[in-house]
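Note sheet for the following structure.
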Amino acid sequence: MDGTMFFDSGTVLVRTVVVGTLAYLALVALLRLAGKRTLSKWNAFDLVVTVAFGSTLATALLSKDTSLAQGVVAFALLVGLQWVITRLSVRYGVFQRWVKAEPRLLSLRGQLRHDALRAERVSESEVRAAVRAHGSTALEDIEAVVLETDGTFSVIGQRGSSASAMSDVQGYCQ
């Protein structure tokens, strides 16, 4: 068995520590400059960017063929693209609809919306689990269950409560 599987050389380990530390610091600095929105989890696009950060960091850390400068430029590119895309999506509704999904109403006033469940590939048991996690025991006591743009469930209070948070939910009418 080849011993390099466990230990290649001290130089490689030192490179990993140095490049890893510097790449990590560069990524943190870029994310702080870009603002909180860069690592949000509002939609699938944000998830892709977050995964890309991790992949880029791993490549910068472990690939001898990738320099620290290349890793930092890749981080800056991802941060810049994320900033441009989110800026455009805030300013232009057409662009926002292209990048982001709408929240979807899965249950209203205790009644499951089976068409929405099928369209979003969500089971009744997942909706009921979200209601239980909210601290309720009866779906009928809940005003609404919404599948948010990031894939999480929101359970909206007791029936008859204010519905102002529901104004942007597809399929909700008071």
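If we keep just the residues of the range 31-58 that are of a type outside the set (Val, Ile, Thr) and at pLDDT 85 or above, which is nearest to Val72 (Cα to Cα)? Lay out the reasoning, then the answer.
First pass over the range 31-58, keeping only residues of a type outside the set (Val, Ile, Thr): 31-37, 39-47, 52-55, 57-58.
Filter once more, keeping what is at pLDDT 85 or above: 52-55, 57-58.
Working: Ala52: 13, Phe53: 11, Gly54: 13, Ser55: 13, Leu57: 9, Ala58: 12 Å.
Checking each candidate, the answer is Leu57.
Go through (1) open to solvent by less than 80 Å² (accessible area, probe 1.4 Å); (2) within 30 Å of Gln82 (Cα to Cα) and name the single condition Trp98 misses.
With respect to (1) open to solvent by less than 80 Å² (accessible area, probe 1.4 Å); (2) within 30 Å of Gln82 (Cα to Cα), Trp98 is out only on (1).
In this structure, does Val72 turn out to be touching a residue at least 24 places away in the same chain (Cβ under 8 Å), within 30 Å of Thr16 (Cα to Cα) and more than 20 Å from the chain's Cα centre (by Cα)? Quick ask: steps written out before the conclusion?
Values: touching a residue at least 24 places away in the same chain (Cβ under 8 Å): yes; within 30 Å of Thr16 (Cα to Cα): yes; more than 20 Å from the chain's Cα centre (by Cα): yes.
In short, yes.
Do we have Ala60 as more than 19 Å from the chain's Cα centre (by Cα), of a type outside the set (Asp, Glu) and crowded, with 16+ Cβ neighbours inside 10 Å here? So that I can check it myself, show each step before the final result.
Values: more than 19 Å from the chain's Cα centre (by Cα): yes; of a type outside the set (Asp, Glu): yes; crowded, with 16+ Cβ neighbours inside 10 Å: yes.
So Ala60 fits the description; yes.
Suppose we keep only residues that are outside any loop (DSSP other than H, G, I, E, B) and over 9 Å from Pro103 (Cα atoms) within the range 144-154. Which one would you say is most open to solvent (accessible area, probe 1.4 Å)?
Start the filter on the range 144-154 by keeping residues that are outside any loop (DSSP other than H, G, I, E, B), which leaves 144-147, 153-154.
Filter once more, keeping what is over 9 Å from Pro103 (Cα atoms): 144-145, 153-154.
Working: Ala144: 0, Val145: 0, Phe153: 68, Ser154: 32 Å².
Within the range 144-154, the match that is most open to solvent (accessible area, probe 1.4 Å) is Phe153.
Under 6 Å between Cβ atoms, which residue pairs at least 6 apart in sequence (or on different chains) link something in the range 115-143 that is open to solvent by 20 Å² or more (accessible area, probe 1.4 Å) with a partner that is of a type in the set (Phe, Trp, Tyr)?
none
Suppose the filter is modelled with pLDDT of 85 or more and either in a loop (DSSP other than H, G, I, E, B) or not hydroxyl-bearing (Ser, Thr, Tyr) (or both); does Ala74 pass it?
Working: modelled with pLDDT of 85 or more: yes; either in a loop (DSSP other than H, G, I, E, B) or not hydroxyl-bearing (Ser, Thr, Tyr) (or both): yes.
Yes; evaluated as a whole, the condition is true for this residue.
Using beta carbons and a limit of 8 Å, which pairs, at least six apart or on different chains, have the first residue in the range 94-106 and under 20 Å from Ile156 (Cβ atoms) and in contact (Cβ under 8 Å) with a residue 40 or more places away in the chain and the second one small (Gly, Ala, Ser) and open to solvent by 50 Å² or more (accessible area, probe 1.4 Å)?
Taking only residues 6 or more apart or on different chains, the pairs are Ala101/Ala44; Arg104/Ala119.
The values are calculated or read from the model by the stated rules, or taken from the named source; none is laboratory data. Here the structure is a predicted model, which is why all the values come from computation and not from measurement. All Cβ positions, even for glycine, are placed from backbone atoms using ideal geometry, and neighbour counts span all protein chains on display. Side chains included, ligands, DNA and RNA excluded: accessible areas come from the protein's heavy atoms. Shrake-Rupley method; radii C 1.70, N 1.55, O 1.52, S 1.80 Å.
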